[in-house]
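Bear in mind these aren't lab numbers, they're just calculated from the coordinates by the rules spelled out. Values in this document were obtained by computation on a predicted structure and should not be read as measured data. When we count neighbours, we look across all protein chains shown, and the Cβ atoms used for this are built from the backbone with ideal geometry, even at glycine.
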């Protein structure tokens, strides 16, 4: 099952049995709006604050994924979940009522890839028949935690991205009819010394390039092994850097590349600058548009590569750089 330096190919591949996605109004107004299961007009989701709203996104998306799977809640052995907030409070408060054993994960915006990787490994190893993997983000809670209060109305440079308000969830199990998880390539922490918190694409692109290149080398394939290579939220700026870095290594994915952060918004109409970002960006796009393409057979095999910037307000204020991380999941049609 272990292939190369960083990859695992499953002898008995797990499957995605169900998927669910719930997003906010801005995301619903974007080009992928019809693909999502539910669009929530109220940014606070009926709660008193942004953090509680993000927890509600997790609660409702998790419940919807379980319902769509046709399983009882008790059939789900583990939850692998995370968000961008301190101590994962969106996940811990949002998923407590499920009463399912919980692994809280932090991979920044790569968390959905991390959750799916660990969940698939558990199912493939026989430790669980079914697991739930999910991730969320919220524009207002992320701005409050990492940048400026919304009341400040600061100017955003072109390189800035707009944190997606939303959540995506999948049930992974020994059987399913949406897609197969063939394997995973676990990413390394990659730090090019970028310190600009308004340019997450530049922070994450080197990690994405590293894990994509490693996946191709570990599997001894070229990029045409995949119909699409899909990054999480590099945005317009990060995409350019990614393509340049891979071209330097003799790999051209320009015709195959798809970035969830670029596709979730219409920048000409929604003014999101470089695109979308956040844990909920890749998670919600995966659990709507992307998996539907695999389920229908339009795509046969993809490499799903959520990308994350490992930043905290403390490390940033102390003048540290912002390392990147990316995890690759190989998904194929059944």
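Take every Cα pair under 8 Å in segment 179-334 that's 6+ residues apart, average their separations, divide by the length, and report that relative contact order as a whole percent. Spell out each step's value before the answer.
Details: 320 pairs, mean separation 60.9, N = 156.
Dividing the mean separation by the residue count of segment 179-334 yields 39 percent.
Within segment 223-255, find all residues whose amide N lies under 19 Å from a label point positioned 7 Å from the Cα of residue 334 along Cα-to-beta-carbon. Label zone hits: none.
I need 305, 251 ordered by Cβ neighbour count within 10 Å, fewest first.
Numbers: 305 30, 251 18.
Ranked by crowding around the Cβ, least crowded first: 251, 305.
Between residue 221 and residue 175, the FRET efficiency estimated from the beta carbon spacing at R0 = 30 angstrom works out to 0.65. Rank 267, 317, 199 by mean-square fluctuation in a GNM of the chain with C-alpha springs under 10 angstrom and give only the top-ranked residue. Top of the fluctuation ranking is 317.
Looking at the chain, send over the antiparallel percent of its DSSP beta bridges, to the nearest 5. Could you put the intermediate results ahead of the total?
Values: 36 of 57 bridges.
Around 65 percent antiparallel, to the nearest 5.
Report, in deg cm²/dmol and to the nearest 500, the calculated mean residue ellipticity at 222 nm for the chain, where each DSSP H run with n ≥ 4 adds -39500 (n - 2.57) and the sum is divided by the residue count. Walk me through the intermediate numbers first.
Details: 12 runs with 114 residues, N = 334.
That calculation yields -10000 deg cm²/dmol at 222 nm.
So I have [x] 101, 26, 16; [y] 33, 24, 19; [z] 26, 25, 18, and one of them is semi-axes √(5λ) of the Cα gyration tensor in Å calculated from this model. Which one is it? Label of the calculated value: [z]. When both segment 308-333 and segment 1-27 are represented by their alpha-carbon centers, they are found 19 Å apart. At a Förster distance of 41 Å, what's the computed FRET efficiency of residue 74 paired with residue 316, Cβ-Cβ distance as r, to 0.05? The pair residue 74/residue 316 has a calculated efficiency of 0.45. Segment residue 197..residue 254, full-extension length gain: 17.9 nm, with 0.36 nm per residue of separation and the alpha-carbon distance subtracted. Each Cα pair under 8 Å and six or more residues apart adds its separation to the average, and for segment 14-173 the resulting relative contact order is 32 percent. On the beta carbon distance between residue 63 and residue 92, with R0 = 25 Å, the FRET formula returns roughly 0.95. Calculate the spin-label point distance for residue 5 paired with residue 38, positioning each point 7 Å from the Cα along the beta-carbon direction, and give it in nanometres. According to this spin-label approximation, the distance is 4.4 nm. One chain, two ends: residue 125 and residue 49. Fully extended at 0.36 nm per residue, the span grows by 23.3 nm beyond their Cα-Cα distance.
Exposure proxy for 258, 226: other Cβ atoms within 10 Å of each Cβ, ordered fewest to most, give 258, 226. Put the Cα centre of segment 213-260 next to the Cα centre of segment 103-148 and the gap is 22 Å.
Relative contact order for the chain: 25 percent, from Cα pairs under 8 Å spaced at least 6 residues apart, divided by residue count. Is segment 201-298 best put as rounded, prolate or oblate by its Cα gyration tensor, with a ≥ b ≥ c the root eigenvalues, rounded for a/c under 1.5, and otherwise prolate when a/b is larger than b/c, oblate when not? Verdict is oblate for segment 201-298.
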